[in-house]
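J.: Dropping a structure here in structure tokens format, bear with me for questions.
Since every read-out is calculated from the coordinates, none of them should be taken as a lab result. Remember, it's a predicted structure, so these values are computed and weren't measured experimentally. Cβ placement follows ideal geometry from the backbone for every residue including glycine, while neighbour counts extend to all protein chains displayed.
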Amino acid sequence: MKRRIFCGAAALFPWAMFLPACGRQEEWPEGMQPIKWDRDTCVTCGMAISDRRFAGEMRGGPKNIVFKFDDPGCIALWIDAKAKDYPWIVDPATKIWVADVASEAKNVRWIDARTARYVRKFSPMGYNFGAVSASEEASIDFATMCQEVVAIVRKRKPA
């Protein structure tokens with residue numbers, strides 16, 4: 001009798017491994033490449049992308065190149081540093097997505113980085129901006145956020 005119970009449980013065990021995968025899958029905007037959390041790294045700083053509330057992605061150019069980021073500030077620095085190498089970065093057709101900082105940890109809402117507003121929030125790289133979909137008190141636009149981050153980094157670097 002004990003052997004039958006053991007064999008029955010052993011037969012069910014492989015299926016038990018897949019039960020967590022039956023949950024709700026993340027939704028990605030059309031054209032966005034899924035981010036592999038804690039495995040993909042930020043193209044600017046090399047840090048693993050793990051805090052979903054601050055992640056971002058850029059996709060564009062003739063080959064639809066994808067760049068992934070762990071902080072909105074890293075997007076700003078990438079644009080500043082690489083616009084000459086990748087002139088399509090500043091093209092309005094280039095897609096840039098950022099996570100809404102108010103998203104739930106397992107259900108990220110993605111918004112257009114250029115139309116998002118940015119509020120002061122402690123962020124992974126310490127640039128301290130988080131994206132929100134609607135204007136809030138003291139929020140700033142994408143261009144202003146980019147200028148502030150670049151200015152912060154330039155002040156940090158020795159002359």
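J.: Checking the cross-link filter: which lysines have an alpha carbon closer than 25 Å to that of K84, excluding same-chain neighbours under 8 positions apart?
T.: Leaving aside lysines fewer than 8 places away in the same chain, those within reach of K84 are K63, K68, K95, K155, K157.
J.: Moving to a separate point now. For the stretch 41-50, in order, what is each residue's ³J(HN,Hα) by Karplus, 6.51 cos²θ - 1.76 cosθ + 1.60 with θ = phi - 60°, in whole Hz (x at glycine and Pro)?
T.: Once rounded to whole Hz, the list reads 10, 5, 5, 7, 10, x, 6, 5, 8, 10.
J.: Which residues' amide hydrogens lie under 5 Å from the amide hydrogen of A113, considering only partners 5 or more residues apart or on another chain, with H built in the peptide plane?
T.: So A113 has HN proximity to I96, W97, V98.
J.: I need M58, M125 ordered by Cβ neighbour count within 10 Å, fewest first. List each step's numbers first, then the result.
T.: Numbers: M58 25, M125 20.
The most exposed by this proxy come first: M125, M58.
J.: Using the Karplus curve 6.51 cos²θ - 1.76 cosθ + 1.60 with θ = phi - 60°, work out ³J(HN,Hα) for each residue of the stretch 111-118 in order, rounded to whole Hz, and write x for Gly and Pro.
T.: Values per residue, Gly and Pro as x: 10, 5, 4, 6, 9, 5, 10, 10 Hz.
J.: Quick one: if you stick a label point 7 Å off each Cα along the C-beta vector at E136 and R39, how many nm between them?
T.: 3.2 nm
J.: Non-local amide H neighbours of S123 (under 5 Å, H modeled in plane, Pro and chain starts lacking H): which ones?
T.: N128, F129
J.: May I pose another question? Roughly how big is the stretch 32-156's charge dipole about its Cα centre, with Cβ charges of +1 (Lys, Arg) and -1 (Asp, Glu), in debye to the nearest 20? The partial results should precede the final answer.
T.: On the way: 19 positive and 16 negative charges, 53 e Å.
With Lys and Arg at +1 and Asp and Glu at -1, about 260 debye.
J.: Using a Förster distance of 35 angstrom, determine the FRET efficiency expected from the C-beta separation of R120 and K63, and round it to 0.05. Present the calculation step by step, with values, prior to reporting the outcome.
T.: Numbers: r = 36 Å, r/R0 = 1.02.
Taking R0 as 35 Å, the efficiency between R120 and K63 is 0.45.
J.: While we're here: Would you order F67, F122, F129, F54 from fewest to most other beta-carbon atoms within 10 Å of each residue's own beta-carbon?
T.: Details: F67 22, F122 10, F129 29, F54 25.
So the ranking, lowest neighbour count to highest, is F122, F67, F54, F129.
J.: Straight-line reach only, C-alpha to C-alpha below 17 angstrom: list the lysines that K106 could link to, leaving out same-chain residues fewer than 8 apart.
T.: Output for K106: K36.
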